[in-house]
Amino acid sequence: MKLNERSLAFYATCDAPVDNAGFLYKKGGRHAAYHRRWFVLRGNMLFYFEDPASREPVGVIILEGCTVELVEAAEEFTFAVRFAGARVRTYVLAAESQAAMEGWVKALSRASFDYLRLVVRELEQQLAAMRAGGGPPPPHRPRALLPKENGCAVWSTELPAASTGTSTQAQPGPEPPPLPPRRRASAPNGPLDSASFAQLHEWYGREVRALRSQWLRSRAQP
């Protein structure tokens, strides 16, 4: 894959919000030493810099077709980004705390375009099922993403455990956000399967922000 260095440098340092950022220790390719680098996750690209003030990244890792796994190493809080195939480099990284490591493993496991496509398809199936039923939307029960032992996130099909309190009467809660309009996400350039990760991120993010604003305004009304 050919990548334009100027475009990558601009994308790595633009003012758009990042998916994750922080210091990690990166193990050298040919040497056992770890080097402290500033990492920035944008979409399915993991950039690393000498320090947060750097204007150009030292390198970039394309997070497609990879798995994120916890590994045993001399350094604490170590994990690896592995790719399938022979003679493919494995990136060994170490965080500065347990919480930071868990955050990075979760973010990297969800960063690929294939993962986003899976999420979009499941949401579309749920929306189609609600429209076919013709009834009100079901209660909002988010399905948590739980990491496996190798760090890969999966959809959980288990519903939250029922309360063990003595009261059996359901307590009224806030109304769920309104359903999206009866159309797919705004994709002016073609179907979702041909869109890039950045385009999908922007299109769905725009609709989520608009729906959230509409929901907050409806709750603020007496």
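Structural remarks
- Selection from region 199-222 of residues that are open to solvent by less than 50 Å² (accessible area, probe 1.4 Å) and modelled with pLDDT under 70: LEU200
- GLU76 falls short on exactly one of the conditions (1) closer than 30 Å to ARG6 by Cβ; (2) acidic (Asp, Glu); (3) touching a helix residue (DSSP H, G or I) at 6+ places or on another chain (Cβ under 9 Å), and that condition is (1).
- Among the candidates GLU69, GLU50, the residue that is closer than 15 Å to TRP104 by Cβ and at pLDDT 85 or above is uniquely GLU69.
- Selected residue (only one of VAL154, VAL119 is within 22 Å of ASN44 (Cβ to Cβ) and either of a type in the set (Ser, Thr, Tyr) or modelled with pLDDT of 55 or more (or both)): VAL119
The values are calculated or read from the model by the stated rules, or taken from the named source; none is laboratory data. In this text the structure is predicted, and so the values were computed from the model without any measurement. Heads up, the Cβs are rebuilt from the backbone with ideal geometry, glycines too, and the neighbour counts pull from every protein chain shown. Remember, those area values only see protein heavy atoms, side chains included, never the ligands or the DNA or RNA. Shrake-Rupley method; radii C 1.70, N 1.55, O 1.52, S 1.80 Å.
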